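Okay, so here's the structure we're looking at.
FYI, it's all coordinate maths here, none of it is from the lab. Fair warning: this is a prediction, and the values are worked out from it, not measured in the lab. Counting neighbours? That spans all protein chains shown, and the Cβs are built from the backbone with ideal geometry, glycine included.
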Ligand code: PEP
Ligand code: MG
């Protein structure tokens, strides 16, 4: 059986299905009879022993694979399980309050978790997460509730899920993940972005796929065409194994370009940078030949936690990236929460239209303390490398002016305290709302640079929710309206002597590179895995050819016409990129 979905991340995966369903454990307080006390104490004892065994084996594995540092985390987990005070409290509740073992564990753990989470010390705050983790393990072992997280995978599988949130994927072990197949999500969903970063093949928007499959089924995922074949025959396996091999050969060949610049055959340089979602991603950007970071999504600092990150914690993250970039530019985008990105540490009231709602710069300009803490951290980090600041979701010139005023205030405060920062730090904005794109000529003089966020620009220009797989046919980054807007933005910035980059997913599409180079784009920033593919395109064409291609494309009437024209042009130029 064949299913059609949305191609989220290139590649071919062939393997066994693992259905990932999130289970929420509810622990009820059953008052127990006197004679049941010993039974509950025994359950607790056994669960502690099993939990210790599990943690010890994870610890050993971690020590071998990731070293002493990471293994320490699990040593701390063992210490919690061996803490006489904690165990005494749990037992006390079972014996004296006649509470069942699961509820007793839940009560004590939640209590400690709350106390640690409220502390000001970052290190101790992190211990709160350890306490919760140990508590959940203990509960699972008491209740026998099989709760698999993506960190528990032990063999290579294709993960099939309704959706994958950043918190689900944060814990996955890439070695065991051949691909993702999800029911929701489009090309620019966060699952797609993550899959691209990790170079994991993904097909999204597959209606009801979790109901159509069972664990152990065999699948082929085609991340080029967005197809899924369930329990394929030998011939299909042979065909797709061949395609997989071809792609691997192509990727290997492209890696030779890592240390070469992205320059057209007639000498025009385009900067190729990487998008990162956390400080560790920079390694892959550099390894793939990125010349800096064109978009650092700082939301990672705010997810999976109940409290806001401190200024100090942010400083460390930004400093790490600035240093790892070794003097190459790093564009740090200020907080872009809201829309489809919700976090626990910031309560945002439910809205009818979150994508048109209280998010990103709107939230930051309203909650100045949060915004200022982030700006302080960015400025303080700016002495460790070349950092640029970027404001997201700008709709109106006033937002830029106010955001710049807040930045100025923060700079003055830091100067008064004698804190060092880059006084000439460059400030740019994302162009991802049509009003900003259309008025690019008016706002260009307010900023040092633009970066076009095509993921949002496309959803707002065509009025199509970027996460709605039913409307994916309308989500067209190559739509004539889009490419005309893009051209206007680039031209407007150049007239003011400013530069324009692009950091939406379109920037990592090799086919788009053919067009964007000819439209005069200065920088393309993308998932690290796309860098060699796009570099290959830039190095295969002359600027003159690209300009001609762009001017013809700008006259076409539909997205399909534009895409087909670009594919034909690539063919004529003999560019092989497995588009
Ligand atoms: C964009 O909208 O194109 C973008 C890069 O931002 P995000 O995907 O994080 O919304
Ligand atoms: Mg955006």
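Classify segment 500-579: rounded, prolate or oblate, from the alpha-carbon gyration tensor (a ≥ b ≥ c, eigenvalue square roots; a/c under 1.5 rounded; otherwise prolate if a/b is larger than b/c)? The partial results should precede the final answer.
Working: a/c = 1.44, a/b = 1.28, b/c = 1.13.
Note, shape of segment 500-579 comes out rounded.
To the nearest 10 degrees, how steeply does helix 101-117 sit against the main Cα axis of the chain, on a 0 to 90 scale?
Around 50 degrees separate the two axes.
Please report the antiparallel percentage of DSSP beta bridges with both residues in segment 191-341, rounded to the nearest 5. Before the final figure, lay out each step's value.
Working: 6 of 12 bridges.
In segment 191-341, approximately 50 percent of DSSP beta bridges are antiparallel ones.
Normalised by the residues of the chain, what does the relative contact order come to in percent, with Cα pairs under 8 Å and at least six apart? Could you put the intermediate results ahead of the total?
Details: 1112 pairs, mean separation 84.4, N = 579.
About 15 percent, as a whole number.
Roughly how tilted is helix 37-66, in degrees to the nearest 10 and between 0 and 90, from the longest Cα axis of the chain?
Approximately 40 degrees, to the nearest ten.
Sort 376-385, 343-352 by the packing proxy (mean of other Cβ within 10 Å over each peptide's residues), most packed first.
Details: 376-385: 21.9, 343-352: 11.7.
Result, highest mean first: 376-385, 343-352.
Does segment 264-572 come out rounded, prolate or oblate by the C-alpha gyration tensor, with a ≥ b ≥ c the root eigenvalues, rounded set by a/c under 1.5 and, if not, prolate when a/b is larger than b/c and oblate if not? Don't skip to the answer; put the middle values down first.
Values: a/c = 1.76, a/b = 1.43, b/c = 1.23.
It comes out prolate by the Cα gyration axes.
Helix 368-381 versus the longest principal axis of the chain: what is the Cα-based angle in degrees, 0 to 90, to the nearest 10?
For 368-381 against the chain, the angle is about 70 degrees.
Can you tell me, using C-alpha contacts under 8 Å and at least 6 residues apart, the relative contact order of segment 264-572 as a whole percent? Numbers along the way, then the final one.
Numbers: 599 pairs, mean separation 60.7, N = 309.
Here the relative contact order equals 20 percent.
By its C-alpha gyration tensor, with a ≥ b ≥ c as the square roots of the eigenvalues, how is segment 34-143 shaped: rounded for a/c under 1.5, else prolate for a/b larger than b/c, else oblate? Intermediate values should be presented prior to the final figure.
Values: a/c = 2.94, a/b = 1.46, b/c = 2.01.
Here segment 34-143 falls in the oblate category.
Counting only DSSP beta bridges with both residues in the chain, what percent are antiparallel, rounded to the nearest 5?
Details: 18 of 59 bridges.
So the antiparallel bridges amount to about 30 percent of the total.
With both bridge residues required to lie in segment 336-495, what share of the DSSP beta bridges run antiparallel, to the nearest 5%? Provide the component values of the computation, followed by the final result.
Working: 1 of 9 bridges.
Antiparallel: roughly 10 percent of the beta bridges in segment 336-495.
At a Förster distance of 60 Å, what's the computed FRET efficiency of residue 29 paired with residue 557, Cβ-Cβ distance as r, to 0.05? Walk me through the intermediate numbers first.
Numbers: r = 66 Å, r/R0 = 1.09.
Calculated value: 0.35.
Largest first, please: the extent of the C-alpha atoms of the chain along each principal axis, to the nearest Å.
Extents along the principal axes, in whole Å: 86, 72, 46.
I'd like the distance separating the alpha-carbon centroids of segment 339-392 and segment 508-552, in whole Å.
Measuring centre to centre over Cα atoms gives 31 Å.
Would you please give the FRET efficiency between residue 242 and residue 424, computed as 1/(1 + (r/R0)^6) with r the Cβ-Cβ distance and R0 = 51 Å, to the nearest 0.05? Don't skip to the answer; put the middle values down first.
Values: r = 54 Å, r/R0 = 1.05.
Once rounded, the FRET efficiency stands at 0.45.
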